[in-house]
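The values are calculated or read from the model by the stated rules, or taken from the named source; none is laboratory data. Predicted, not measured: the structure shown is a model, and the values here were computed from it. Heads up, the Cβs are rebuilt from the backbone with ideal geometry, glycines too, and the neighbour counts pull from every protein chain shown. Note: accessible area is taken over every heavy atom of the protein model, side chains too, but ligands, DNA and RNA are not part of it. Shrake-Rupley method; radii C 1.70, N 1.55, O 1.52, S 1.80 Å.
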Amino acid sequence: MSSPKNSYHHGDLRRSLLDATLLLLREAGIEAFSLRKLGERVGVSAPAIYHHFSHKLDLLAALADEGLLSFEQSLLQALARPSSSLQQRCEDLALAYIGFALDQPELYELMMGRTLWRHPECPYTRKARDSFRRYTQTIAAALPGVDQPLRLAQITWATLHGLVRMYNDGLTFTRQDVEAIARRGVEMVLLQVKPENAG
């Protein structure tokens with residue numbers, strides 16, 4: 001990641017703007033973020049920012065795009081690990097989701113929070129919906145013959161999202177609690193939908 005101020009050279013201002021945006025989100029949160037503060041951090045004028053991003057939402061969506069790619073890669077890496085059972089593969093997937101969200105809470109909030117999702121015309125939201133479709137396909141492939149894989153994907157996503165939001169919002173769960181609840185949730189879901197493969 002680039003160092004924040006005056007770190008760019010010709011050709012990589014866009015990268016510096018994205019890196020500095022993530023730093024500012026980590027320092028003060030999405031609500032406090034502004035293009036003025038970003039320009040001060042990187043050491044450029046507003047026109048220089050607008051050369052790469054047409055408005056603040058465009059910049060935040062570009063950062064969320066990168067986060068979504070990294071998030072999906074984390075899930076794919078979890079699925080690629082050798083596992084002895086379906087339950088272990090599902091646990092690996094759940095823990096990869098949790099790990100990303102807890103390690104990068106500000107980026108996760110940007111990706112999954114209302115800042116972007118209250119703008120349905122934003123290209124990022126379409127990409128995120130496509131990502132969820134792929135997640136649903138993964139669930140269906142892992143549990144062939146399961147009834148209503150879309151509903152199952154929605155339930156598991158809502159559970160994991162709720163867990164990480166509760167933790168990131170400062171509730172009393174420890175990280176170990178969140179991981180233990182996720183494991184138990186996987187076990188309970190598998191017992192309902194495919195008990196013969198849960199071992």
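LEU191 to SER84: extension gain in nm, 0.36 nm per residue of separation minus the Cα-Cα distance?
On the way: separation 107, 0.36 × 107 = 38.52 nm, distance 1.72 nm.
Computed gain between LEU191 and SER84 is 36.8 nm.
Label positions at ALA140 and ARG15, each projected 7 Å from the Cα along the C-beta direction, are separated by 3.9 nm.
With the cut-off at 1.5 for a/c, could you classify the chain from its C-alpha gyration tensor as rounded, prolate or oblate? Don't jump to the answer; show the numbers that get you there.
Numbers: a/c = 2.48, a/b = 2.17, b/c = 1.15.
Prolate.
When the GluC sites (Glu not before Pro) in region 97-194 are filtered for DSSP coil states and for at most 11 other beta-carbon atoms within 10 Å of their beta-carbon, the remaining sites are GLU121.
Summing charges over neighbours of ARG81, with a neighbour being any other residue whose Cβ is under 12 Å away from its Cβ, gives -1 when K and R count +1 and D and E count -1. At a probe radius of 1.4 angstrom, the accessible area of the chain per residue rounds to 54 square angstrom.
R0 = 35 Å: FRET efficiency of ALA180 with LYS37, Cβ-based, nearest 0.05? For ALA180 and LYS37, the calculated efficiency is 0.35. For region 45-199, carbon and sulfur atoms together expose 56% of the accessible surface, with a 1.4 angstrom probe and every protein chain in place.
Across the options PRO105, THR136, HIS119, the greatest Cα extent toward the positive end of the charge dipole of the chain (unit charges at beta carbon of Lys, Arg, Asp, Glu) belongs to HIS119. The charge dipole of the chain, taken about the Cα centre with unit charges on the Cβ atoms of Lys, Arg (+1) and Asp, Glu (-1), comes to about 320 debye, rounded to the nearest 20. Evaluated on region 4-96, the Kirkwood hydrodynamic radius is 15.1 Å, with distances taken between all distinct Cα atoms.
Each part reduced to its alpha carbon centroid, region 36-51 and region 59-99 end up 33 Å apart. Considering helices alone, the calculated mean residue ellipticity of the chain at 222 nm is -23500 deg cm²/dmol, with DSSP H runs of length four and up weighted by -39500 (n - 2.57) and normalised per residue.
For LEU143, nonlocal amide neighbours, meaning residues 5 or more places apart or on other chains whose placed amide H falls under 5 Å from its own, do not occur. Applying the criteria of a DSSP loop state and at most 14 other Cβ atoms within 10 Å to the trypsin sites (Lys or Arg not before Pro) of region 51-130 yields ARG118.
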